[in-house]
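Asks: Would you mind keeping the following structure in view while I ask a few things?
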């Protein structure tokens, strides 16, 4: 039986509960309390930032800025959602903001008529390192949409809101990302990923 | 608001179940977590401490800035009259006798005020946020002008000129002080453009 990795309570994901007393101390501005929380979520936040931005230097910045916001806005956390979810939201927002500022103008534009590929999915055979390499070779928007949809569980509507784009943007980026992942994971069909700027057309 | 820690993907009606896509999700979620190459906590803690200090400084300096602003507003009409150099002092003013000559206690008051402004500026300079390049250039220019006024003060013999110079010195100190407050004013006025994305 497959066990969803996110259902395993490890210190490397956001599936962790935080002691309300610790949150209260954080809300009072106790740096020591925040360090405990930071240590617990550092890897999860870093990994999420890295998956969304695709670059270690940007992920480092996202980690710093989102954690800084977590400390400064801790009083805004009202407890109506798990603290980890609130923190994760900060990381996602910060990562997407970085992408918007830096590189998200490089978005693939393509028609929305991608054929459904019924062939066996190569990611079922690929090892984690290969999947990760392929993921990092995706264009920024496609990678972020793919991750938000499949791993963070966002809907297309939510992704569209986050990007300030339409739902069809989210759907088409997901379809393109899936297609590229398939191409990148099939050794005999290795294709270089070359993002195009907005306004250009890419036919598939 | 959004919270998917339970990962109830299949309950999402907008999701069409495709075994291949579902497998991609499983493969992505199975990727191992990684850690940053270096411990980011020391830098983060340092940033937090610096911002706490800056925030405290804002709370300390905002009332002072308000007072300075009020003083500047009240003094504005007087500050912008043309500086009267000794050579161009209207004869009529001199001829009118002692009426235009500021009393000695007025000069003493200006001098005391100047000292207070200077102490305030020095405190801001020591405890305030760092200035950017442009502000630093302006600060140096103000300091140069204050030095020039000091030079003129040391040579001034006419009480009226002396009073004007002390007034100029105070104005320059006020402007220098406001310059030191600019980083805080910018920080407090900056709109939180991404707040709408963070509410839960």
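Readers should treat all values here as calculations from the given coordinates under stated rules, not as data from a laboratory. Note that the structure is predicted; figures quoted are calculated from it, not measured. Here the Cβ is made from the backbone with ideal geometry for all residues, glycine too, and neighbour counts use every protein chain on show.
Asks: Only Cα pairs under 8 Å and at least 6 apart count here; give the relative contact order of the stretch A:11-102 as a rounded whole percent.
Replies: Contact order relative to length: 36 percent.
Asks: Partner chain Cβ atoms within 10 Å, averaged over the residues of A:146-156 - can you pull that number for me?
Replies: 6
Asks: Using a 10 Å cut-off on Cβ to Cβ distances, tally the other chain neighbours for every residue of B:38-45 and report the average as a whole number.
Replies: 5
Asks: For the pair residue B:49 and residue B:122, how long in nm is the line joining their label points, each one 7 Å along Cα→Cβ?
Replies: 2.7 nm
Asks: Right, another one. Summarise the partner chain shielding of A:44-57 as one whole number: the mean count of Cβ atoms from other chains within 10 Å of each residue's Cβ.
Replies: That average works out to 2.
Asks: Give the peptides A:58-70, A:21-33 in descending order of average Cβ contacts within 10 Å, highest first.
Replies: Sorting A:58-70, A:21-33 by mean packing, highest first, produces A:58-70, A:21-33.
Asks: In nm, to one decimal, how far is the residue A:128 label point from the residue B:154 one, both placed 7 Å along Cα→Cβ?
Replies: 7.3 nm
Asks: Can you pull the Kirkwood radius for the stretch A:18-80, inverse mean 1/r over Cα pairs, to one decimal in Å?
Replies: After inverting the mean inverse Cα-Cα distance, the result is 12.2 Å.
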